[in-house]
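The values are calculated or read from the model by the stated rules, or taken from the named source; none is laboratory data. Computed from a predicted structure; not experimentally measured. For neighbour counting, all protein chains shown are included, and Cβ atoms are generated from backbone atoms with ideal geometry for every residue, glycine included.
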Amino acid sequence: MRRVREILRLKHGGASDRQIARSLSLARSTVALTLERAAAAGLGWPLPATLTDRVLPAMLYAGNGRRQGERRKAEPDWAHVHHELRRPGVTLMLLWEEYRQREPDGYRYSRWCELYRAWEGRLSPTMRQAHPAGERMFVDYAGQTVDVVDPGTGEVRPAQIFVAVMGASNYTYAEATATQSLPDWIGAHVRALAFMGGVPAQLVPDNPKRSYGASGGDPAPSSLEPTDGGAPCRSRMT
């Protein structure tokens, strides 16, 4: 009940729900719900000195008709939410908006995300990989394209999105290329490495067959073959 007292004290001092939530490491929906229950119970700050921690919850949850820890709203199908998040372009915000259309009185977004993360945390643990700084840069083309309009002709063409991410820092470079052919693939690497300011020990493509220009019909070069007729670059990131 200490947090309830702190919520009421901070609110009395003029803090917003968001500021209170950040200060106490709570969801904003939890702060709002506590203040609603306090107002319904006629409680304000300062609380009466005779109001003990045993009496306070009884006043806040009087008439609730539910045991402590029991949810007040119907639970979403978290397994379905988890499955939908694997689809390209699907986000928690999008799924929550669909949920609120079905359940207008359902959970607020922050509480909805909090419950999903708690459910997700009970799944089987996955292997965590350690990436030493400068060791690996992961490269791939995104599954989705973006439309590019030629300002002269008005022609609309899909552009491929190349993405490079450093494993340790998640430092990211992205650019649009006309195709996924070998010249565009190599050129995107050159510009990504220039952006990163060095060369990592390893470049890790997500799909090696596609990465070597399979979609453009270019032959796959040897891993040691220079693409510009010169010697392979030897510099490394530190």
Which condition number does ARG28 fail, the rest of (1) at pLDDT 75 or above; (2) more than 16 Å from SER110 (Cα to Cα) being met?
-> (2)
Filter segment 184-207 down to the residues that are of a type in the set (A, V, I, L, M) and within 15 Å of ALA174 (Cβ to Cβ), then identify the one that is surrounded by the most Cβ atoms within 10 Å (Cβ to Cβ).
-> ALA188
Checking GLU36 against (1) at pLDDT below 75; (2) acidic (Asp, Glu); (3) part of a helix (DSSP H, G or I), which single condition isn't satisfied?
-> (1)
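Yes/no matrix, rows are residues, columns are (1) among the polar types (S, T, N, Q); (2) buried (at least 16 other Cβ atoms within 10 Å of the Cβ); (3) within 19 Å of the chain's Cα centre (by Cα):
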position	(1), (2), (3)
PHE138	no, yes, yes
GLY143	no, no, yes
THR153	yes, no, no
ILE161	no, yes, no
GLY167	no, yes, yes
TYR171	no, no, yes
Out of segment 165-204, which residues are without any contact (Cβ under 8 Å) to a residue 12 or more places away in the chain and closer than 23 Å to VAL148 by Cβ?
-> THR172, GLY187, VAL190, ALA194
Could you say whether any residue in segment 99-114 is free of Cβ contacts under 8 Å to residues at least 60 places away in the same chain, touching a strand residue (DSSP E or B) at 6+ places or on another chain (Cβ under 7 Å) and either aromatic (Phe, Trp, Tyr) or not in a strand (DSSP E or B) (or both)?
-> no
Just one of (1) farther than 30 Å from GLY143 by Cβ; (2) at pLDDT 80 or above; (3) surrounded by 10 or more Cβ atoms within 10 Å (Cβ to Cβ) trips up TRP96, so point out which.
-> (1)
What pairs come up if the first residue lies in segment 7-18 and is assigned to a loop (DSSP other than H, G, I, E, B), the second is among the hydrophobic types (A, V, I, L, M, F, W, C), and their beta carbons are under 8 Å apart, counting only those six or more places apart or on different chains?
-> none
Give the residues of segment 115-133 that are outside any loop (DSSP other than H, G, I, E, B) and at pLDDT below 75, sorted by residue number.
-> none
